[in-house]
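The values are calculated or read from the model by the stated rules, or taken from the named source; none is laboratory data. These numbers were taken from a predicted model, which means no experiment stands behind them. In this analysis, Cβ positions are derived from the backbone assuming ideal geometry, glycine residues included, and neighbour counts consider all displayed protein chains. For accessibility, only protein heavy atoms count, side chains too; no ligands or nucleic acids. Shrake-Rupley method; radii C 1.70, N 1.55, O 1.52, S 1.80 Å.
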Amino acid sequence: MSDTPSHNLNDEYLEELLTGYILNALSCADKVKFESYMEADPTLIKRLEELQEVMGLIAHSSQTPAPPQLREKVLNIPQRSALPMPIATPQYPIVPAPPVSVVQPKRSRLSWQKVAAGMAAALAVVVGTNFFLLDQQLTKIEAELTAAEGNLSEEDYTFDLKSSQMGSNAVAKVYVDIDENMVMIGVQNLPPLPPGEAYHLWGFTADQQKILCGRFNTDRAGQFVDRLSVPPGSYDSPVKFMRISREPIVPSSDPTKRVLVMTSES
Amino acid sequence: MNTSSPVANLGTPVVKLISDRELLDRLQSKQPDALRQLYDSYGDLMFGLALRILGDRQEAEDLVQDVFLTLWTHCTYDPTRASLKSFLMLLVRSRSLDRLRSRNSRLAADERSHHLASPASQTPLEAAVSDDVSNQVQQALADLPPTQRQALELAYFGGLTQQEIAQKLGVPLGTVKSYFRLSFSKLRQALSSLIL
């Protein structure tokens with residue numbers, strides 16, 4: 001029925017694309033097709049939002065009482081996130097000690113999953129205060145990992161990105177783990193985008209592949225820290241440099257809507 | 001889109017305590033009380049969803065904690081786009097599926113979906129906990145034809161693509177697409193009173 005390209009854009013067909021899209025279950029071809037329809041018809045976004053409410057309700061079918069200790073851990077997040085002000089009080093450690101214990105020294109390469117939780121917490125704490133500290137913290141973590149493992153795996157990369165626009169002091173750090181199909185990113189001083197636009201993180205490989213590693217937006221303070229998953233098999237050669245562009249969420253053929261904002265190229 | 005869906009403890013009558021917008025404002029202004037309200041309203045729901053997808057209590061607990069940390073440090077919720085509950089479920093589901101894919105990246109789709117045969121096991125106490133919304137949703141899902149429900153659950157909780165589901169169920173791809181359409185249509189109708 002909807003597998004042939006000769007179909008009409010009837011409502012049944014659109015509904016099939018909508019439900020497949022909201023479940024993130026479409027093939028790449030169907031996804032691209034649907035996004036082009038969305039670009040042409042913004043009312044589809046409204047329909048997607050309505051389906052999103054149904055999606056939210058489905059979660060009720062698996063509602064389970066959370067363990068009591070989880071509530072305590074969550075309520076302690078503000079305390080754990082509180083940092084001493086390092087500039088005002090330089091006699092104290094600038095940041096908490098890196099989570100060394102999460103490293104598995106016997107493995108031949110870094111285990112992203114094992115270090116990610118600790119790094120995420122550390123990054124989230126640090127990025128809220130001073131980006132220099134984020135850089136320092138990552139450097140310290142990398143040093144710890146290097147000491148533990150001998151050296152970083154060939155499949156792990158760290159990139160420093162700077163703004164490509166005059167007058168901007170935006171900075172970013174990206175940590176790439178090809179084997180785990182993940183990147184971790186921390187950004188500061190990058191203004192939040194209006195609805196309909198997103199920052200796009202791109203990786204460029206040695207064999208000239210361009211990979212979309214993820215899309216994000218910054219908060220009111222111009223910050224963003226998170227892990228992004230990259231589709232398995234997206235790339236199989238070393239990442240040479242990374243860029244962040246500002247683009248519409250719905251892909252546009254208008255090149256003026258794609259603006260390079262940051263790059264790791266010197 | 002709704003911008004004032006009520007936040008109330010699940011299992012209690014729906015009482016408008018605070019709007020999504022107000023809760024977001026409190027969260028962004030770093031008021032710890034916002035975290036408590038958020039957790040008491042959605043903690044069980046978030047944990048249950050993560051547990052169903054990951055099938056591991058410790059991993060589900062870690063993930064929910066991680067999501068709350070994200071909300072506290074840089075909440076990106078936009079109340080004009082979706083209800084807070086939908087946003088949270090989207091966040092939990094996508095992160096859980098990310099973890100699942102990462103964990104099982106070398107396994108075939110068939111192996112990935114193997115733990116979906118039944119919801120995560122519950123203790124008698126857990127099984128006894130229910131509320132009107134959960135009952136309504138469970139009933140709506142139970143009313144779907146088995147193949148439609150199975151296809152939906154494989155996508156929602158297992159992160160399988162339409163193609164993978166078609167292979168697993170041994171049906172044409174177009175059939176899976178229509179399963180999605182029909183199941184959403186029925187759910188939307190059955191749950192219309194819950195969609196604000």
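Summed over segment B:166-183, the residues that are part of a helix (DSSP H, G or I) and either more than 21 Å from A:Asn24 (Cβ to Cβ) or without any contact (Cβ under 8 Å) to a residue 12 or more places away in the chain (or both) give a count of 6. Selection over segment A:187-202 of residues that are at pLDDT below 85 and not in a loop (DSSP other than H, G, I, E, B) gives a count of 2.
Taking the condition crowded, with 21+ Cβ neighbours inside 10 Å, closer than 23 Å to A:Asp11 by Cβ and more than 8 Å from every other protein chain (Cβ to nearest Cβ), does B:Val176 pass? In short, yes.
The residues of segment B:152-172 that are of a type in the set (A, V, I, L, M, F, W, C) and under 16 Å from the mean Cα position of the chain (by Cα), listed by number, are B:Leu152, B:Leu154, B:Ala155, B:Phe157, B:Leu160. Scanning segment A:183-205 for residues that are within 14 Å of chain B (Cβ to nearest Cβ), among the aliphatic types (A, V, I, L, M) and buried (at least 21 other Cβ atoms within 10 Å of the Cβ) yields A:Val183, A:Met184, A:Ile185, A:Val187, A:Leu190. Just checking, does segment B:40-53 include any residue being farther than 25 Å from A:Phe216 by Cα, modelled with pLDDT of 90 or more and surrounded by fewer than 19 Cβ atoms within 10 Å (Cβ to Cβ)? Checked against the condition, which is being farther than 25 Å from A:Phe216 by Cα, modelled with pLDDT of 90 or more and surrounded by fewer than 19 Cβ atoms within 10 Å (Cβ to Cβ), segment B:40-53 yields at least one hit. Across segment B:138-163, the qualifying residues are those that are part of a helix (DSSP H, G or I) and facing chain A (nearest Cβ under 8 Å), and the one among them that is nearest to A:Ser61 (Cα to Cα) is B:Gln138. If we scan segment B:187-194, do we find a residue that is open to solvent by less than 60 Å² (accessible area, probe 1.4 Å), of a type outside the set (A, V, I, L, M) and within 17 Å of the chain's Cα centre (by Cα)? No, segment B:187-194 contains no residue that is open to solvent by less than 60 Å² (accessible area, probe 1.4 Å), of a type outside the set (A, V, I, L, M) and within 17 Å of the chain's Cα centre (by Cα).
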